[in-house]
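Visitor: Questions regarding the structure given below will be posed in turn.
Nothing in this text is a laboratory measurement; each read-out follows from the coordinates by a stated rule. From a predicted model like this one, the values you see are computed outputs, not experimental measurements. All Cβ positions, glycine included, derive from the backbone under ideal geometry; neighbour counts span all protein chains shown.
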């Protein structure tokens, strides 16, 4: 999650936050997300006499996962396009605008699926079972 703080000359502070569903380090993609968020908040942000200070903060960071490349050296990431689309929609409409279905354990079929925000990783619904039959000699 990134936060952009805009400090006006008269002391007012505007805060703009964006989040991503995956770790991201490409500046043009981050710029697109801030552009979407600023376009959505166009009337809410008043520059007044100008901004005295602009601060960009990283509120949460995550490690990049290793990705397997093919013999040509290219990496295919099937979920990158949908993640970027979801990030842009969330930047424009808000954090709760994009939901994903997640299965949970339930005896009732209509309760076997819940929706969570796209940025949240699905959590384990039951603890892992202990292995049986392991004896120490």
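Visitor: Can you order the peptides 55-66, 94-105 by their average number of other Cβ atoms within 10 Å per residue, highest first?
Guide: Averaged packing, sorted descending, gives the order 94-105, 55-66.
Visitor: Next up: Compute the distance in nm between two label points, each set 7 Å from the Cα along the Cα-to-Cβ direction, one at residue 53 and one at residue 92.
Guide: Simple spin-label model gives 3.4 nm for this pair.
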